[in-house]
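The next block holds one structure in the form of structure tokens; read it before the comments.
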Amino acid sequence: MRADCGPESAVNSASSNLCAGWPAGVKLGLALCLAIVVGLIPPEYWPATGVVGVLTLTAHALADTPTNLLWRRLGQITPFIVLFASAALWNGTHSGAGVWTAAFTLRCYVAFLIGLWLTRVLTASQLLRELRRWHCPPALVAVLGFQLRYLVVLWDEHERLQRAQLARAGGPQSRWARWVLAIERLGLLLLRAIDRSERVHRAMLARGWDGGTRSWE
């Protein structure tokens, strides 16, 4: 979410971000509607998915999303989308497997752009407040709140692990060695996250946490 969560979040000024003044419920509802529409479009009508993608890019322009941020995020998600699409293509036995795979790839990109736009125009506190106002399950809101709150902590822990690995690397490494280090780093990060979550949970129970969420408002 923008402003109060994420390692690279940036607060846009009201003059450059035309979506900043929209009500939080409108922004969240618009993103959900676009995501639902993208999910319901049949694969053979993939041009309609492209139209939704154009609308999403227009929304990014209104939100003043930097172009380099879009390209960087798309480059980061592309390997995962290609992997899923390739697996679907290899398992496809019908004649329209190629069209279905292309439509699936386009749908993933558009859905990702919708989510990225939402993080640019909606803060974490606004998102949680709207979810509570929409009577979403309290457990879901609590889990999402913890995730958004500790995302920065998780990123800081990742950076510490990365610096420690680089300090022990002893010079330039091959791409395969960097991949191995990244896998090891993610494993260590998962173990540390589980340990931290257990300690935080015990501390919250000791302070009388009853499973509900609190807000400053």
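The values are calculated or read from the model by the stated rules, or taken from the named source; none is laboratory data. From a predicted model like this one, the values you see are computed outputs, not experimental measurements. Note: ideal-geometry Cβ built from the backbone for every residue, glycine included; neighbour counts use all protein chains shown. With ligands, DNA and RNA removed, areas are computed over all heavy atoms of the protein, side chains included. Shrake-Rupley method; radii C 1.70, N 1.55, O 1.52, S 1.80 Å.
Over the C-alpha atoms of segment 109-198, the Rg to Rh ratio, Rh being the Kirkwood estimate, stands at 1.10. Think of it as helices only: each DSSP H run of n ≥ 4 in the chain is worth -39500 (n - 2.57), and spread over all residues that comes to -25000 deg cm²/dmol at 222 nm.
The residue list V99, W117, G171 was ranked by how far each Cα lies along the charge dipole of the chain toward its positive end, using unit charges on Cβ atoms, and G171 comes out on top.
Element breakdown for segment 108-197 at a 1.4 angstrom probe: carbon and sulfur atoms account for 67% of the accessible area.
Placing a pseudo-label 7 Å from each Cα along the Cα-to-Cβ vector at R168 and R132 gives an inter-label distance of 4.3 nm. Calculated FRET efficiency, V82 and V37, Cβ-Cβ r, R0 25 Å, to nearest 0.05? E(calc), rounded to 0.05, equals 0.55. Remark: relative contact order (the chain) = 29 percent; criterion is Cα-Cα distance under 8 angstrom and separation of 6 or more residues. Between L57 and R149, the simple spin-label model (points 7 angstrom out along Cα→Cβ) gives 4.0 nm.
Computed with a 1.4 Å probe over protein heavy atoms only, the accessible surface of the chain comes to 65 Å² per residue.
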